[in-house]
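Notes for the one structure printed next.
The values are calculated or read from the model by the stated rules, or taken from the named source; none is laboratory data. None of the values given here were measured: they were computed from a predicted structure. Here Cβ is always computed from backbone atoms with ideal geometry, including for glycine, and neighbour counts include all displayed protein chains.
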Amino acid sequence: MAQLILAADPGFAHLALEEFRRDSIGGQPLAELASGVWLADCDEGFWGLAETWIDSPPIFVRHICPVDIAFPLIATPRDLARLSRAAVAEYTDLLDPEVSFSVQSRIFVDLPYKPFDINRAIAAALVESAQTPLDVRQPFQILSVVCAAADERLPAQAKAGDAPQALLGLSLASHNISDWAGGVRRFRREKDQISRAEFKLLEAFEAFHIEPPSGGVALDLGAAPGGWTRVLRQKGQYVTAVDPAKLHPMLAADRGVRHKRMSAEAYLREGPDTYDLLVNDMRMDAVPSARLTNAFADYLYPHAEALLTLKLGQSARHLDPACDVLRERFKILHMRQLFHNRNEVTIHLKAN
């Protein structure tokens with residue numbers, strides 16, 4: 001069996017499938033398991049495609065996992081014990097006991113249990129049988145379990161009529177594009193959170209392995225009401241927040257925040273300082289936003305990095321032109337449509 005499951009934002013799933021067909025050998029989507037989630041097949045299998053995407057990651061595919069076996073479900077709580085026994089039989093000898101693992105489950109059919117129940121049951125059984133340490137936050141190995149409705153195009157390990165199936169596959173976390181099931185990275189809402197946009201910046205820092213320098217200075221373009229500024233302050237940055245609108249009162253009282261109550265263009269005319277990090281989440285079309293980001297390249301230290309979101313609307317036709325503009329002043333390090341992006345992509349840059 002050389003099948004895999006890929007996930008993407010439903011609104012851009014067609015672009016994710018284009019990436020899959022482009023980068024795989026003979027890649028074909030077989031069945032849509034849920035909105036934006038596809039069972040697919042390719043000649044090189046999961047591992048070959050995963051190696052390709054480690055070197056050159058896709059933009060719109062958020063997560064992939066292999067399909068090793070298909071297990072028929074009876075849709076009662078007894079499935080938990082049955083799945084655990086199947087996982088022990090299949091994976092005890094395949095798990096590396098020297099590194100951690102996690103079980104990640106997704107359910108796309110009506111079942112009398114939740115993903116957490118599957119994760120807990122299978123993980124407990126594998127810890128006992130394989131003597132492998134469990135780490136749900138930073139696992140080295142991941143056993144993916146995807147429960148889907150019956151479909152003639154799904155693999156069948158046994159004739160099960162119309163019974164739903166669990167598709168199981170073992171992989172390295174580094175090969176799944178995202179460490180999180182389906183690429184769904186959720187953050188706990190904090191008491192002092194200003195806006196949901198904070199999740200975008202937190203996810204970008206994590207996905208792109210960005211560590212702002214201790215005591216660094218950051219420039220936040222289009223800062224109001226201040227969600228990204230608050231995250232930057234949590235990261236130990238002194239922030240210049242540029243926006244004609246007011247910042248949240250909590251930030252207005254923060255001596256580590258300097259609010260330039262003006263447009264980004266006006267700040268350019270004033271003559272900016274020099275920064276370790278530039279972030280831009282302005283509500284602008286992609287190409288103008290890229291040009292504005294370029295205009296600040298002269299005000300970044302040689303080691304500086306930049307993060308911006310490019311707004312795509314309902315299509316990605318402006319993405320390539322905007323990237324061409326950015327390459328005039330920056331090297332594009334990473335570009336992904338993260339879980340907390342909507343009709344946009346997040347780009348990680350380094351000044352040329």
For residue 11: the one exception among (1) touching a Leu at 6+ places or on another chain (Cβ under 8 Å); (2) under 19 Å from residue 345 (Cα atoms); (3) at pLDDT below 95:
(1)
Lone unmet requirement of (1) surrounded by fewer than 18 Cβ atoms within 10 Å (Cβ to Cβ); (2) farther than 30 Å from residue 345 by Cβ for residue 70
(1)
Conditions (1) of a type in the set (S, T, N, Q); (2) farther than 30 Å from residue 57 by Cα; (3) touching a residue at least 60 places away in the same chain (Cβ under 8 Å): number failed by residue 263:
(3)
Could you figure out which of (1) closer than 15 Å to residue 174 by Cα; (2) among the hydrophobic types (A, V, I, L, M, F, W, C); (3) in contact (Cβ under 8 Å) with a residue 60 or more places away in the chain isn't true of residue 148?
(1)
Given the criteria farther than 30 Å from residue 32 by Cβ and either assigned by TED's automatic domain parsing to the domain that holds residue 293 or in contact with a Leu (Cβ under 9 Å, 6 or more places away or on another chain) (or both), does residue 261 qualify?
yes
Among (1) in a loop (DSSP other than H, G, I, E, B); (2) modelled with pLDDT of 95 or more, where does residue 202 come up short?
(1)
Collect the residues in segment 10-59 that are part of a helix (DSSP H, G or I) and either buried (at least 22 other Cβ atoms within 10 Å of the Cβ) or assigned by TED's automatic domain parsing to the domain that holds residue 332 (or both), keeping them in residue-number order.
12, 16, 20, 46, 49
For the subset of segment 201-233 comprising residues that are buried (at least 23 other Cβ atoms within 10 Å of the Cβ) and of a type in the set (D, E, K, R), which member is nearest to residue 252 (Cα to Cα)?
230
List pairs: first in segment 60-78 and closer than 23 Å to residue 183 by Cβ and assigned by TED's automatic domain parsing to the domain that holds residue 174, second acidic (Asp, Glu) and part of a loop (DSSP other than H, G, I, E, B), Cβ under 9 Å, 6+ apart or cross-chain?
60/9; 62/9
